[in-house]
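See below for the structure under consideration.
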Amino acid sequence: MRNAQARARPHPVSSSDALVRVYSEAPLPTRHGSFRVVVFRERGTDKEHVAAVKGEVDGREGVPVRVHSECLTSEILGSLKCDCRDQLEHALGLIGSAPCGVVLYLRQEGRGIGLGNKIRAYALQSRGADTYEANRALGFPDDLRRYDVAACMLKQLGVASVELITNNPLKLAGLAREGVRVRGRIPSVAPLNPHNVDYLRTKRDHTGHLIELFADENSA
Ligand SMILES: [Zn+2]
């Protein structure tokens, strides 16, 4: 497994003005297989973004990649209000059984508005607002997620082109705009439950998420 543990080679972009830089890395055995975890530090902030890397990705074309934004409520607390945890597990499982791939875990909670404001938005939603109405009522745009950090991480890992695991056309476009070569899309699969069906329907109808809402959760 020496290859899987090869070091991330800083690429030309990683000069002193790079948006993120590799800070540390180590092999990481997981329930989804052996990964290499690489921590990037974002310039001028205390934010640490994470890449879970399977196999050798440097110079590879068509690498399966999930660009995932942190979601404490679902990933740690098991919230059923969204599908983030299921999408993360799906991506790790898919990549864990592939020869190579990358999950980028970005520290941008609540579509970038932060945890405290996300919970404020949840409070508004509990009184009837949908996810986008709640954000706007708090003075935030629909989505503050940015893709320049992800693009910089992929570049430093040497990924030549990606197959993006997503249902979100804005994410495909956002990464392409930042210079990531997107060769294709792998649908992201997450089960429905009575708490997230309205959320997923809103995502689909509001921003064109490519989600098929099946009644049978196992076929979603
Ligand atoms: Zn979530």
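The values are calculated or read from the model by the stated rules, or taken from the named source; none is laboratory data. Quick caveat: nothing in here was measured; it's all calculated off a predicted structure. Positions of Cβ are backbone-derived with ideal geometry, glycine not excepted, and every protein chain shown enters the neighbour counts. Quick note on the areas: whole protein, heavy atoms, side chains included, nothing else; ligands and nucleic acids left out. Shrake-Rupley method; radii C 1.70, N 1.55, O 1.52, S 1.80 Å.
Here are a few things to note about the model shown:
- Placed amide H near SER69: partners under 5 Å, 5+ positions off or other chain: LEU106
- Whole-Hz couplings from phi, Karplus 6.51/-1.76/1.60, listed for the stretch 99-113; x for Gly and Pro: x, 8, x, 9, 10, 9, 10, 9, 7, 9, 5, x, 6, x, 8
- Accessible surface of the chain, 1.4 Å probe: 51 percent of it comes from carbon and sulfur atoms.
- Mean Cα-pair separation over length for the chain, i.e. relative contact order, pairs under 8 Å, 6 or more apart, %: 22 percent
- Take the Cβ atoms of TYR122 and GLU61, set R0 to 30 Å, and the FRET efficiency comes out at 0.15.
- Under the convention that each Lys and Arg Cβ holds +1 and each Asp and Glu Cβ holds -1, the size of the dipole of the stretch 63-170 around its Cα centre is about 280 debye.
- Euclidean distance between Cα centres, the stretch 14-43 to the stretch 81-113, Å: 15 Å
- LEU28 long-range amide H proximity, modeled H, under 5 Å: PHE35, ARG36, VAL37
- Remark: accessible surface ordering of ARG145, ARG66 (largest first) is ARG145, ARG66, probe radius 1.4 Å.
- Residue by residue, the stretch 117-128 carries 3J(HN,Hα) couplings of 6, 4, 6, 4, 5, 4, 4, 5, 5, 5, 9, x Hz when phi is fed to the Karplus relation 6.51 cos²θ - 1.76 cosθ + 1.60 (θ = phi - 60°); x denotes Gly or Pro.
- DSSP bridge orientation in the chain - percent antiparallel, rounded to nearest 5: 65 percent
- Free-standing Cys residues across the chain, given no other cysteine C-beta under 4.7 angstrom: CYS82, CYS100, CYS152
- Database remark: amide H of ILE186 closer than 5 angstrom to the amide H of LEU164, ILE165, THR166 (H placed geometrically; neighbours at sequence offset of 5 or more, or on other chains; Pro and chain starts carry no H).
- Of LEU175, LEU92, LEU210, the one that fluctuates the most in a GNM where the chain has Cα springs shorter than 10 Å: LEU210
- Each of ALA91, SER74, SER126 was scored by the projection of its Cα onto the charge dipole of the chain, and the greatest displacement toward the positive side belongs to ALA91; charges sit on the C-beta of Lys, Arg, Asp and Glu.
- Cross-link reach is defined here as a Cα-Cα straight distance under 27 Å, omitting same-chain residues fewer than 8 places apart; for LYS81 the lysines meeting it are LYS47, LYS118, LYS171, LYS203.
- Efficiency of FRET from Cβ geometry, THR45 and GLU133, R₀ 25 Å, rounded to 0.05: 0.25
- Share, in percent, of DSSP beta bridges within the stretch 40-105 that are antiparallel, nearest 5: 65 percent
- FRET efficiency for the ALA173 to SER34 pair, using the beta carbon distance and R₀ = 22 Å, is estimated at 0.10.
- Measuring only protein heavy atoms, the 1.4 Å probe finds TYR199 accessible over about 40 Å².
- Estimated vicinal HN-Hα couplings, Hz - the stretch 170-181 in sequence order (Karplus 6.51, -1.76, 1.60; Gly, Pro = x): 5, 5, 4, 5, x, 5, 4, 4, 8, x, 7, 7
- One decimal place: the segment ARG146-SER161 gains 3.5 nm when fully extended, by the rule 0.36 nm per residue minus the C-alpha distance.
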